[in-house]
Amino acid sequence: MSARVPIPAIRYRGRVRDPERCAFFEERIVQVVLELDGLPRVVREPAGDRPGGFVRGMEVDLAPGVECVPLLVAPSGGIHASREAAARAGGSQPVWIRVRTGHGPPEAHAALAEILRWLSEEGGADLEIEDPSSDPRPGEERAAGAARERVRRLLRRPPEGPPLPIPGGEDPGIGVVREGTEAAWDAWFLARRCKEEGLHRAVGERRGPGDDPSKAMDDALWAEGIRGFGEADEGDGDEEMDEPGYEDEDEDGHERVWEPDEPLEDEPLLDPILQDLREVVGDVLELARGAPREAEGFAGPLARGALEFMGGGSQMVWIGDDDGTAGMRLLQAKRGLRGAGFALGSLRALEAEGLLPAAACRNLARAIEPIERDLRARAEALRGRLEG
């Protein structure tokens, strides 16, 4: 019996010199990861009951088949593998964090190595990095080198500015709806996602244990310069809220959760893909929830990918096929395809590592693949409309 070939991985440990300046590296890495079609998440949450103590940093799903990359910073500055570990770390020594990259594309390994190098040299962290597979496998040298150079170029680029206006719109001169280009929609999406992560950071920094989340949101919206977000003009919306069946408070003045007159599950679905997505994503989430602790590095991207798959695919349908919607629908279709890629990559990694039953992983992959093909065909049709 032949020995098992070691899976390429990167190990790192260290600390951030000034935890209160984590936003500097977060903003740059968020932008890079989005450009690489990854899924970044900025983290801000109270570290226990310590006043002013926060878990900072981020979690990064870099590419399908790659473990989640944790860059979670304790109040003392140490970088940890989980939010719980960072919250209780105190002044303990940082521990080694291992990220398995071998089930993903070789470019992802090279990109992660370059991000960690930048974080250590320019991003405000002191890191030890071990990359035993730093020499690419035969045939992968060109792809790895291109990935490193692309990450270097992205990290040298200034952070994103204010969100861009939604592409397209109606030309007031002739009343024709303009769709906008795919590149314009991609740029809008990237700027919007960068702004969303900044808002998430701002909300977290303004919310301590037991604080009112709505006040934290209001304060963060002002701090981030998002004026009037979610606010209606005086008198707008009153008619809707006075319609029969809608009451925001009960007789005692307690907030009432809105419920539709008919159960949502009885509503006719606009498109068969919605039912397919609902069923397969439910099965994926159930599998991810039952994953053992040692599988969390892949189970997290599996669950998040599945939710992106369902969110993007569903939004593509619900937006409708009116004039001027092709750009936004293509954006959502691509979001769904991105999520499908992460879900499939994670399932294959979990099977290969023996962390979840092979049959369950294969059955779910077989259920995802035809929906992915359907979504890809729709994306190509929408792309044709934009280019036409």
Those residues of the range 302-338 which are within 17 Å of Leu277 (Cα to Cα) and in a loop (DSSP other than H, G, I, E, B), in sequence order: Ile319
Whichever residue in the range 23-65 is within 21 Å of Ala306 (Cβ to Cβ) and among the acidic types (Asp, Glu) and, among such residues, is surrounded by the most Cβ atoms within 10 Å (Cβ to Cβ): Asp61
So which residues in the range 307-325 are of a type outside the set (D, E, K, R) and either modelled with pLDDT under 90 or farther than 12 Å from Arg378 by Cβ (or both), if there are any at all? Leu307, Phe309, Met310, Gly311, Ser314, Gln315, Trp318, Ile319, Gly320, Gly324, Thr325
Is it fair to say Ala381 is surrounded by fewer than 20 Cβ atoms within 10 Å (Cβ to Cβ), among the hydrophobic types (A, V, I, L, M, F, W, C), outside any helix (DSSP H, G or I) and outside the structural domain of Leu71 (by TED's automatic domain parsing)? no
Looking only at the range 338-351, count every residue that is more than 17 Å from Val33 (Cβ to Cβ) and surrounded by fewer than 24 Cβ atoms within 10 Å (Cβ to Cβ) and tell me the total. 3
Filter the range 351-378 for residues that are more than 21 Å from Glu308 (Cβ to Cβ) and assigned to a loop (DSSP other than H, G, I, E, B) and give the result. Glu353, Gly354, Leu355, Pro357
Whether any residue in the range 285-296 is in a helix (DSSP H, G or I) and crowded, with 24+ Cβ neighbours inside 10 Å is what I want to check. yes
Under 6 Å by Cβ, and 6 or more places apart or on different chains, what pairs join a residue from the range 53-78 that is in the same structural domain as Ala349 (by TED's automatic domain parsing) and within 27 Å of Leu355 (Cβ to Cβ) with one that is among the small types (Gly, Ala, Ser) and not in a loop (DSSP other than H, G, I, E, B)? none
Pairs, please: C-beta under 8 Å, at least 6 apart or cross-chain, first residue closer than 15 Å to Glu35 by Cβ and in the range 101-112, second among the hydroxyl-bearing types (Ser, Thr, Tyr) and crowded, with 24+ Cβ neighbours inside 10 Å? Ala108/Thr101; Leu112/Thr101
Within the range 130-165, take every residue that is touching a helix residue (DSSP H, G or I) at 6+ places or on another chain (Cβ under 6 Å) and part of a loop (DSSP other than H, G, I, E, B) and give me the one that is modelled with the highest pLDDT. Asp131
Positions within the range 327-339 being touching a residue at least 24 places away in the same chain (Cβ under 8 Å) and closer than 11 Å to Arg378 by Cβ, in sequence order: Arg329, Leu330, Ala333, Lys334, Gly336, Leu337
Among the listed residues Arg44, Arg83, Arg56, identify the single one that is charged (D, E, K, R) and out of contact with any Lys or Arg (no Cβ under 7 Å at 6 or more places or on another chain). Arg83
Lone qualifier among Arg13, Arg98 - being surrounded by fewer than 20 Cβ atoms within 10 Å (Cβ to Cβ), closer than 29 Å to Leu355 by Cα, more than 21 Å from the chain's Cα centre (by Cα) and at pLDDT 95 or above: Arg13
Those residues that are in a strand (DSSP E or B) and either in the same structural domain as Ala343 (by TED's automatic domain parsing) or without any contact (Cβ under 8 Å) to a residue 40 or more places away in the chain (or both), I need them from the range 79-97; list them, please. His80
Restricting the search to the range 64-115, which residues are farther than 15 Å from Asp131 by Cβ, in contact with a strand residue (DSSP E or B) (Cβ under 7 Å, 6 or more places away or on another chain) and of a type in the set (D, E, K, R)? Arg83
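The values are calculated or read from the model by the stated rules, or taken from the named source; none is laboratory data. For clarity, every value in this text was computed on a predicted model and none was experimentally measured. A quick note on method: Cβ atoms are made from the backbone with ideal geometry, for glycine too, and the neighbour counts reach across all protein chains shown.
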